Amino acid sequence: MRLIIDTDTAGDDAFSILLALKTPGVTLEAITICNGNVDFSQQTENALYTLEVAGYSDKVPVYQGCPLPLLRKEVDATEFFGVDGMSDAHFPKAKQRPESKHAVDAIIDLVMSNPGEIDILAQAPLTNIATAYAKEPRIVKALRHLWIMGGTDNSLGNTTPASEFNFYVDPEAAKMVINAGFRQTLSTWTLTMNSGILPQEALARIEAMNTPLSRFFMTVSQAPFKRTKVRYGSPLSTHPDSLTCACAIDESLILEAADCLVDVETGSELTRAYSSICVPLDEEQAKIDKLWPAGKPNCRVIKKADTDRFAEKL
Ligand code: BDR
Ligand code: CA
């Protein structure tokens, strides 16, 4: 599998990159940085440091993309990941530097010169992907598959009751991408809460390994532990990005999925970025049930994933 990871690199984003790097058969072609979790250039440094700690310095190019959402003011998640996105570990600067090419052009060039071969894992707000689509709409057909971490599946969000962070930061980009016609799979915050929380035994195993990567994992996890304790009553090891990556890399981890009609709310402030997800009605049903969404599904939505096998992979 040839993969581009589009990321706002902080905690779990970094673990997802590690998962892709360390999985045989996966070639990480590029890392592209999008606005999101923390300061834009800090996210770039986090991606470069992650490559270095994994022994992949200068093996994967890192491109910087859009530092701002399309329309909205910047929103970050420093209260979740720490100001540096890495639980304020303040890691040293990596040797590798980012490329000068813009991430949007890197995405377009890679996808268009390898039709049907590249998958994108979009684990950040969708600004870079929406901009690439606006600049070169033919990427919709040339991309093999788009894996999106974002939205909620008829349950509470993590940023507001109505919405999940990646969609909340850039709802217009999310709406554009979801409706663009990509072959795509959505991994929601709801899925993370159901299937993407690392069990205590798995965490203990990682900690006991006491390798550079396991120490990296435990260090970077500390701020999210504190934050989830406040929100959910106990420290949770939540892995939205890594779970999406794991499902992309090995689809047998997907235990249940449904072809759905997905759309994103951009008009309301109260329900900003709410993701409407349902199985659409067919023509006959739509004649009776006039207000329910009808038509063709535009997205596969993962409903359940194999938590034990995910934990094992991670
Ligand atoms: C998503 O938002 C970000 O804070 C995480 O990195 C993840 O991509 C979860 O809602
Ligand atoms: Ca992310």
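The values are calculated or read from the model by the stated rules, or taken from the named source; none is laboratory data. What you see is a predicted model; the values in this text were computed from it and never measured. Neighbour counts are summed over all protein chains in view; Cβ atoms, including those assigned to glycine, are modelled from backbone coordinates with ideal geometry.
Taking the conditions (1) surrounded by fewer than 23 Cβ atoms within 10 Å (Cβ to Cβ); (2) acidic (Asp, Glu); (3) within 27 Å of Leu198 (Cβ to Cβ); (4) within 16 Å of ligand 1 (Cβ to nearest atom) in turn, Glu52 satisfies each one other than (4). If you check Ala47 against the conditions, is it buried (at least 24 other Cβ atoms within 10 Å of the Cβ), aliphatic (A, V, I, L, M), away from ligand 1 (no atom under 11 Å from the Cβ) and within 23 Å of Met218 (Cα to Cα)? Considered against the rule, which asks whether it is buried (at least 24 other Cβ atoms within 10 Å of the Cβ), aliphatic (A, V, I, L, M), away from ligand 1 (no atom under 11 Å from the Cβ) and within 23 Å of Met218 (Cα to Cα), Ala47 comes out as yes. Of the listed requirements (1) in a loop (DSSP other than H, G, I, E, B); (2) within 16 Å of ligand 2 (Cβ to nearest atom); (3) within 24 Å of Ser221 (Cβ to Cβ); (4) not acidic (Asp, Glu), Ser57 misses just one: (2). Please go through the stretch 42-71 and pick out each residue that is in contact (Cβ under 8 Å) with a residue 12 or more places away in the chain and of a type in the set (Gly, Ala, Ser). Listed by number, the residues that qualify are Ala47, Ala54, Ser57, Gly65. Scanning the stretch 61-88 for residues that are in a loop (DSSP other than H, G, I, E, B), more than 14 Å from ligand 2 (Cβ to nearest atom) and among the aliphatic types (A, V, I, L, M) turns up Leu68, Leu70, Leu71, Val83. Surrounded by 20 or more Cβ atoms within 10 Å (Cβ to Cβ), within 13 Å of ligand 1 (Cβ to nearest atom) and within 21 Å of Ile107 (Cα to Cα): does that describe Thr7? Against the criterion (surrounded by 20 or more Cβ atoms within 10 Å (Cβ to Cβ), within 13 Å of ligand 1 (Cβ to nearest atom) and within 21 Å of Ile107 (Cα to Cα)), Thr7 qualifies. Against the criterion of being in contact with a Gly (Cβ under 9 Å, 6 or more places away or on another chain), under 17 Å from Ala89 (Cβ atoms) and modelled with pLDDT of 95 or more, Ser242 does not qualify. Scoring Glu256 on the criteria (1) part of a strand (DSSP E or B); (2) free of Cβ contacts under 8 Å to residues at least 12 places away in the same chain leaves a single failure, condition (2).
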